[in-house]
Amino acid sequence: MKKQINRRKMLGIMAVSGVSLSVTAACSQQPAAVNPKHATVDGTPRQFFPKNGPDSMPQKNDIEKYPKCPYCGMSRKMWNHSRHLIHYGDDLVDPTCSLHCAAISLSLNLDRTPKAIYAADFGADTKIKPLVNVDQATYLVGSNLKGTMTATSKMAFASAESAKGVMGEKGGKIGDFGYALTEAYLSMAKDTMMIRKKRAMKRKKMKK
């Protein structure tokens, strides 16, 4: 009886403090089982580990293997032209819909070193854009192309000439992956607020 009273008192204090009771319930759940091999990484909480198992060739048939972005839930096939894929050194994979979500993965996995990072070649003349290693990619940032999860478009091109050609029509600035990633982090606050607003409006419409 005393334990129940203490628990009620604690929950009451949390509710008054503005802490959602759903957080308490979530924290009381046991974390999903994690391969001990991957549980030794310092610094990154287990719940943020990439959810996909090891894959030595994640760039092959990546959309079939990884159809949705783990951070926003968006279809990587629908947004194949902006998708990214991070292949970490322990062969774990984070497949995202955009550079925005790839930046989130890199932030959460500070102690996991990427083996390779891939981006869709926006300049490819195919329905499903092929992946290119970002080390060989040229990014067009801030053009009039529609961005994915961001108001500031950031698209990768396998060909620098192709990127410059699009820049001539759509504007923007040319840069490498480091430049594009920096811009992704700089626009993260505004982009996050924009996404929250859009999703809130969508939920409101669904309730009508």
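The values are calculated or read from the model by the stated rules, or taken from the named source; none is laboratory data. All figures in this text were calculated on a predicted structure; none of them were measured in a lab. Neighbour counts run over all protein chains shown; Cβ positions are idealised from the backbone, glycine included.
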> Within the group Pro50, Pro95, Pro70, which residue is within 25 Å of Lys198 (Cα to Cα) and at pLDDT below 95?
Replying inline: Pro70
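Can you tell me which of Asn144, Asn109 is of a type outside the set (D, E, K, R) and surrounded by 15 or more Cβ atoms within 10 Å (Cβ to Cβ)?
Asn109
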> Restricting to the range 105-127, what's the tally of residues that are more than 18 Å from Phe157 (Cα to Cα) and in contact with a strand residue (DSSP E or B) (Cβ under 8 Å, 6 or more places away or on another chain)?
Replying inline: 7
> Give me the pairs: first residue in the range 43-57 and within 13 Å of Asp111 (Cα to Cα), second residue outside any loop (DSSP other than H, G, I, E, B) and at pLDDT below 80, beta-carbon distance under 8 Å, and six or more apart or on different chains, which are they?
Replying inline: Phe49/His38
>> Restricting to the range 63-103, count the residues that are buried (at least 23 other Cβ atoms within 10 Å of the Cβ) and part of a helix (DSSP H, G or I).
In response: 5
> In the range 125-148, which residues are touching an Asp or Glu at 6+ places or on another chain (Cβ under 9 Å) and farther than 22 Å from Glu169 by Cα?
Replying inline: Pro130, Leu131, Val132, Val134, Asp135
> Just checking, how many residues over the range 135-163 are without any contact (Cβ under 8 Å) to a residue 12 or more places away in the chain and farther than 19 Å from Met194 by Cα?
Replying inline: 1
> Within the bounds of the range 124-138, is there any residue that is in contact with a Cys (Cβ under 8 Å, 6 or more places away or on another chain), surrounded by 14 or more Cβ atoms within 10 Å (Cβ to Cβ) and not hydroxyl-bearing (Ser, Thr, Tyr)?
Replying inline: no
